[in-house]
Amino acid sequence: MNDRDIKGRIFDIQRFSIHDGNGIRTIVFLKGCVLRCRWCCNPESQEYAIQTMMVQGKPKIIGQDITVGEVLDIVERDRPYYRRSGGGLTLSGGESLCQPEFARALLKGAADIGITTALESMGCAKYEVIESILPYLDTYLLDIKHMNGEKHREFTGRSNELMLENAKRIAASGQTELIIRVPVIPTFNDSPEEIREIARFADSLPGVERIHLLPYHRLGQDKYDGLGREYVMDGILPPTGGHMQMLKDIVTKNTDLDCQIGG
Ligand code: SF4
């Protein structure tokens, strides 16, 4: 089968984004995730199944099957903006690696036509899957949420060993720019000690120079209502600007990493 005919399942495409990679980007959100993070702001991404979510009182179908060729046709429309800004295609989710063949074909298809690529992912897949996409990936935005496996399991549904091991292997490959991203979640990982531990691990990875601290926000809360699910983070407030700055200072004092708040 021609790569352009490979089908996958997405739930959104956002054009003209200035997040999740350099410059102006088109972000393709793939459906399906193996984690169930309590703070997830895209709960509609978690199930691979196509779902109905109530949005402002009206039912909305979440999920669409689409070919690689159809996605790339949309991505290509903004090529002049990528060229001027250093932007390109970003795959996000969910966890794109849950649809490995589709993700690989999208990244390869973009790379083949000279569009730069980024992947926003927590690296929870067999390394062989990650290895198959690295030749087509310019930037890997890798989430590391906690260094303690038990706490990781308690708040996300899975332990962190596979992801930490994959982080080491991706860094050792030297095939892509690797940027570490940490969602800063009150009650989970927002203490100076927890952030310092993650930052030191990130700093130990060969070639890693940048870390992003992403403050928890509640923008996804209404989606839980729309899906008929409970929002278990109710009552948890986003970290203040002062707290985020203190955590950034912890990172810069303890590592050589370039630390940025937000992504
Ligand atoms: S890894 Fe990301 S998409 Fe998956 S549940 Fe966690 S926050 Fe949501």
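Residues of the stretch 47-95 that are within 16 Å of the ligand (Cβ to nearest atom) and either within 20 Å of the chain's Cα centre (by Cα) or among the hydrophobic types (A, V, I, L, M, F, W, C) (or both): Glu47, Tyr48, Ala49, Met53, Ile62, Gly63, Thr90, Leu91, Ser92, Gly93, Gly94, Glu95. Among the residues of the stretch 137-156, none qualifies, meaning not one is in a helix (DSSP H, G or I) and closer than 28 Å to Tyr82 by Cβ. For Phe188, indicate whether it is in contact (Cβ under 8 Å) with a residue 40 or more places away in the chain, within 14 Å of the ligand (Cβ to nearest atom) and among the aromatic types (Phe, Trp, Tyr). Yes. Can you confirm whether Gly8 is small (Gly, Ala, Ser), touching a strand residue (DSSP E or B) at 6+ places or on another chain (Cβ under 9 Å) and part of a strand (DSSP E or B)? So Gly8 passes the test.
Here is a check on your reading of the model: is Met244 crowded, with 17+ Cβ neighbours inside 10 Å and under 30 Å from Gln56 (Cβ atoms)? Spell out how you get there, then give the answer.
Working: crowded, with 17+ Cβ neighbours inside 10 Å: yes; under 30 Å from Gln56 (Cβ atoms): no.
So Met244 does not fit the description; no.
Return yes when Asp65 is over 30 Å from Gly228 (Cα atoms), modelled with pLDDT of 95 or more and out of contact with any helix residue (DSSP H, G or I) (no Cβ under 8 Å at 6 or more places or on another chain) and no when it is not. In short, no. Within the stretch 102-129, residues that are more than 18 Å from Leu30 (Cα to Cα) reach partners that are within 14 Å of the ligand (Cβ to nearest atom) and at pLDDT 95 or above with beta carbons closer than 8 Å, at six or more positions or on different chains, in the pairs Tyr127/Asn166.
The values are calculated or read from the model by the stated rules, or taken from the named source; none is laboratory data. Quantities reported herein were computed from a predicted structural model and do not represent experimental measurements. No Cβ is skipped: glycine too gets one built from the backbone with ideal geometry, and neighbour counts run over all protein chains shown.
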